[in-house]
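Structure first, then comments.
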Amino acid sequence: MTKTSYDVVVIGAGCFGAWTAWHLRKAGRSVLLLDRYGPANARASSGGESRIIRMSYGPGEVYTHFSNRSLGQWKAFFAAVSRPELFHGTGVLWMAKGEDPTATASLRTLAKVGIPFERLEESELRRRYPQIQTVSGGWAIWEPESGVLMAKRAVQAVVADAVRAGVDYAVRTFVLRRARPGSGRSTPPAARRCEPITSCSRAGPGLARSYPRPWRGASSPRGSR
Ligand SMILES: Cc1cc2nc3c(=O)[nH]c(=O)nc-3n(C[C@H](O)[C@H](O)[C@H](O)COP(=O)(O)OP(=O)(O)OC[C@H]3O[C@@H](n4cnc5c(N)ncnc54)[C@H](O)[C@@H]3O)c2cc1C
């Protein structure tokens, strides 16, 4: 850490924290990014080799917009840092059966948002993918532009670029304990260090609680992952 105060401290260098720090820095803020184990570490949700990026989220149009915008940003970023291998445009095949309400709603959402897709009926599904055992009444949504992000390496590339752009990054565990007024207990050093912070963003499982409505109240997309 090279400074004693920052506009923003971002706690957690997973996918969310890494991109938050990156964008804040590009917007001209001074940023400190902390993670207790490192970017996309083995304990983090963003760790591991790969993640699917897809556009089908049933009726949840907001998630389709998020994902579409996100894919554009990932691809632009990989091109800018000469790491095209971190996205594999494999396409995504979403299998459904019968009147599957989520998949049926996805068809409407994809069409509305303008995402390229095909509905593959049972016979076409069997023809194109003989290696997959298609159930009777099965069909699928084919998203040709979706694919696979190389999760850990992609997040680490974002953090490396953020650092190149001037973000300070450190391996630290952030602990914020507030001393009760009159308790006579002193504020621990970690909290004292954070007093000048104007805004604190913590990624990870508690992320949803950190944001105002409508995001806080928004339900998770069905079948997300
Ligand atoms: C097995 C699995 C498969 C998945 N598959 C997909 C998929 O295919 N497609 C998809 O879109 N999503 C998928 N997801 C979900 C996606 O990976 C997560 O939504 C995303 O990685 C969450 O990122 P994050 O930055 O919020 O959290 P994390 O990656 O968990 O980052 C939080 C970070 O905060 C740090 N931290 C926490 N507390 C502190 C503290 N007090 N001080 C300092 N640092 C702290 C942690 O060390 C961690 O690095 C999957 C998740 C899992 C677990």
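Read the figures in this text as sums done on the coordinates, not as results from a lab. Since the model is a prediction, treat every value here as computed from it, not as a measurement. Please note: Cβ atoms are built from the backbone with ideal geometry, for glycine as well, and neighbour counts cover all protein chains shown.
Here are the numbers:
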read-out: Flag for Thr134 being in a loop (DSSP other than H, G, I, E, B) and surrounded by 17 or more Cβ atoms within 10 Å (Cβ to Cβ); value: yes
read-out: Residue count, the stretch 114-151 (criterion: touching a residue at least 60 places away in the same chain (Cβ under 8 Å) and β-branched (Val, Ile, Thr)); value: 3
read-out: Flag if Ser67 is within 30 Å of Arg153 (Cα to Cα) and hydroxyl-bearing (Ser, Thr, Tyr); value: yes
read-out: In the stretch 153-165, the residues that are buried (at least 21 other Cβ atoms within 10 Å of the Cβ) and not small (Gly, Ala, Ser); value: Val155, Val158, Val159
read-out: Test for Met55: is it among the hydrophobic types (A, V, I, L, M, F, W, C), in a loop (DSSP other than H, G, I, E, B) and within 16 Å of the ligand (Cβ to nearest atom); value: yes
read-out: Unique residue being assigned to a strand (DSSP E or B) and either surrounded by fewer than 15 Cβ atoms within 10 Å (Cβ to Cβ) or out of contact with any Asp or Glu (no Cβ under 8 Å at 6 or more places or on another chain) (or both) when the list is Ala111, Ala96, Ala79, Ala105; value: Ala96
read-out: The one condition in (1) away from the ligand (no atom under 15 Å from the Cβ); (2) at positive phi; (3) surrounded by 14 or more Cβ atoms within 10 Å (Cβ to Cβ) that Gly38 fails to fulfil; value: (1)
read-out: Scope the stretch 94-114; condition touching a helix residue (DSSP H, G or I) at 6+ places or on another chain (Cβ under 7 Å) and β-branched (Val, Ile, Thr); matching residues; value: Thr109, Val113
